[in-house]
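Take a look at the structure below.
The values are calculated or read from the model by the stated rules, or taken from the named source; none is laboratory data. The structure presented is a predicted model; accordingly, all values stated were derived computationally and were not measured. Glycine gets a Cβ as well: all are built from the backbone with ideal geometry, and neighbour counts include every protein chain shown. Ligands, DNA and RNA are stripped out before the accessible areas are found, and what is left, the full protein with its side chains, is counted by its heavy atoms. Shrake-Rupley method; radii C 1.70, N 1.55, O 1.52, S 1.80 Å.
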Amino acid sequence: MRRAGWIAGAAAAALVAAGAITYAVADGSGSGSGSVARTPAADSADAGFARDMAVHHQQAVEMSYIVRDRTKDVEVRRLAYDIAQTQANQRGMLLGWLDLWDLPKVSADAPMTWMGMGDMASGEDGSLMPGMATNAEMKRLGTLNGKQAEVFYLQLMTDHHKGGIHMAEGCVAKCTVGVEKRLAQGMVDAQQSEITMMADMLKARGAKPRD
């Protein structure tokens, strides 16, 4: 009961924080300059990052829910839960900002165009952006159980985080909305920490990250 209450409290706190950040963008107070921020253009880094990272995050959420049902290991299930909840909340913020800015959630431009990498995203078998798993890899994850599922999930999520960090660093450098830049930097810090944690978890299972 105590743990359930803690989880509920943490979830409520996350939702309150998400609402506060979204409101900050809505009223322009998230720019960090004290003046009302101008609405980003549809082809801006701010909009491009919001669109692309929402897609990137969605796959991480799906991957985490898959492994939750493929293993009984408490450590992996806890990590998967944390990643799923964190990235689902962040995805909601990103899409919410696009709504507030009255910008489309999809673009005719290739993924990563806002980073000047639109010609580098292959889109091969569903891997639309750096670090994303292919459709075949997602399907394979859903067929594994126990330790095999744990190892493959940790390897896929390590790759996923590395790609996500690259994108988030791009937003830190190129985005103009202060609160979005801060969210991106938070993603970098948190996912780097999780990469280190997952390397230790893989080592404990006699495995290592993929090259």
> Which of the residues spanning the stretch 82-105 are without any contact (Cβ under 8 Å) to a residue 40 or more places away in the chain and either over 30 Å from Leu144 (Cα atoms) or buried (at least 19 other Cβ atoms within 10 Å of the Cβ) (or both)?
Replying inline: Ala84, Gln87, Arg91, Asp99
>> Looking only at the stretch 106-127, filter to residues that are without any contact (Cβ under 8 Å) to a residue 24 or more places away in the chain and crowded, with 18+ Cβ neighbours inside 10 Å; which one of those is farthest from the chain's Cα centre (by Cα)?
In response: Ala121
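Conditions tested, residue by residue: (1) β-branched (Val, Ile, Thr); (2) under 27 Å from Ala41 (Cβ atoms); (3) modelled with pLDDT under 95.
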residue: Ser64; (1), (2), (3): no, no, no
residue: Thr71; (1), (2), (3): yes, no, no
residue: Thr86; (1), (2), (3): yes, no, no
residue: Pro104; (1), (2), (3): no, yes, no
residue: Ser107; (1), (2), (3): no, yes, yes
>> Gly206 - would you say it is open to solvent by 10 Å² or more (accessible area, probe 1.4 Å) and at positive phi?
In response: yes
>> Just the residues that are among the acidic types (Asp, Glu) and either under 18 Å from the mean Cα position of the chain (by Cα) or modelled with pLDDT under 95 (or both), please, taken from the stretch 138-176.
In response: Asp159, Glu169
> Looking at Arg182, is it at pLDDT 95 or above, touching a helix residue (DSSP H, G or I) at 6+ places or on another chain (Cβ under 9 Å) and more than 21 Å from Met63 (Cα to Cα)?
Replying inline: yes
> open to solvent by less than 30 Å² (accessible area, probe 1.4 Å) and farther than 24 Å from Leu98 by Cβ - does that describe any residue in the stretch 174-186?
Replying inline: no
> What's the number of the condition Pro130 fails, among (1) within 20 Å of Ile195 (Cβ to Cβ); (2) in a loop (DSSP other than H, G, I, E, B); (3) open to solvent by 20 Å² or more (accessible area, probe 1.4 Å); (4) touching a residue at least 40 places away in the same chain (Cβ under 8 Å)?
Replying inline: (4)
> Looking at (1) over 25 Å from Arg68 (Cβ atoms); (2) in contact with a Pro (Cβ under 8 Å, 6 or more places away or on another chain); (3) in contact (Cβ under 8 Å) with a residue 60 or more places away in the chain, which is the only condition Met198 fails?
Replying inline: (1)
> Of all residues in the stretch 46-81, how many are assigned to a helix (DSSP H, G or I), open to solvent by 60 Å² or more (accessible area, probe 1.4 Å), out of contact with any Lys or Arg (no Cβ under 8 Å at 6 or more places or on another chain) and charged (D, E, K, R)?
Replying inline: 3
